[in-house]
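This report refers to the structure that appears directly beneath it.
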């Protein structure tokens, strides 16, 4: 009995078979690209980070940009930061490239007696790592002036930063937050950072009634960089 596939191949020119294969591959690639677009364009997500004000009164809890966070070095000296910015969290390549991060803020250092030893600005230059806590929206339940509370996220983001005096460092921002579904207690709230050879790794801890040492992450709507350059 003759093999039907062999008979078909005999009368199908080789160039036609190649064209058919190319068409099938092309359709597969196009379908994949269409699915990726349906899932969010190139798969990238732009998020915003803030060191925040969190105030609580009889009207509720209010979350606003413009707060301060601090951390201490081994001898008790301290760095205090303000800041906000954005980063691009994308699968695969591209998340660390040009345009992947924006923002920064101000810094001031103090010796262990509280005397200021320097101040200036800093700029975020590169995303090192971002890891999200799945299923947690820590700003839900607050009056959120930064973004949609449903778009808030808990997790850990690490950036390279450049200080205005020329020193470099690594800034770690962690968001635990509140919300109806809290992040695990292994997730801290606040910041740690380095500046030159000094590690400010003893984070300031959030304390009730003290407007400091709190952070927020929000997913931004597509195309919205919230004014950060």
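Here are a few things to note about the model shown:
- Considering 150, 132, the condition of being touching a strand residue (DSSP E or B) at 6+ places or on another chain (Cβ under 7 Å) and in the same structural domain as residue 61 (by TED's automatic domain parsing) is satisfied by 132 alone.
- Residue list for region 56-79, restricted to those being in contact with a strand residue (DSSP E or B) (Cβ under 8 Å, 6 or more places away or on another chain) and farther than 20 Å from residue 177 by Cα: 72, 73, 74, 77, 78, 79
- The residues of region 96-109 that are surrounded by 16 or more Cβ atoms within 10 Å (Cβ to Cβ) and closer than 28 Å to residue 62 by Cβ, listed by number, are 101, 102, 103, 104, 105, 107, 108.
- Residue count, region 89-131 (criterion: modelled with pLDDT under 95 and more than 11 Å from the chain's Cα centre (by Cα)): 8
- Only a single criterion out of (1) out of contact with any strand residue (DSSP E or B) (no Cβ under 7 Å at 6 or more places or on another chain); (2) touching a residue at least 24 places away in the same chain (Cβ under 8 Å); (3) under 22 Å from residue 201 (Cβ atoms) is not satisfied by residue 113, namely (2).
- When residue 179 is tested against (1) within 17 Å of the chain's Cα centre (by Cα); (2) at positive phi, only condition (1) is not met.
- Taking region 114-176 and the strands (runs of 3 or more DSSP E) fully enclosed by it, the elements with 2 or more residues that are loosely packed, with under 14 Cβ neighbours inside 10 Å are at 116-132.
- Pair list, Cβ < 9 Å and 6+ apart or interchain, from region 62-73 residues that are on the phi > 0 side of the Ramachandran plot to residues that are at pLDDT 95 or above: 66/50; 66/51; 66/52; 66/53; 66/82; 66/84
- Conditions (1) modelled with pLDDT under 95; (2) farther than 16 Å from residue 69 by Cβ: number failed by residue 147: (1)
- Any strands (runs of 3 or more DSSP E) falling wholly within region 47-87 and containing at least 2 residues that are more than 20 Å from residue 122 (Cα to Cα) and at pLDDT below 95: 60-65
The values are calculated or read from the model by the stated rules, or taken from the named source; none is laboratory data. Being a predicted model, the structure only gives us computed values, none of them experimental. FYI the Cβ positions are ideal-geometry reconstructions off the backbone, even for glycines, and counts take in every protein chain you see.
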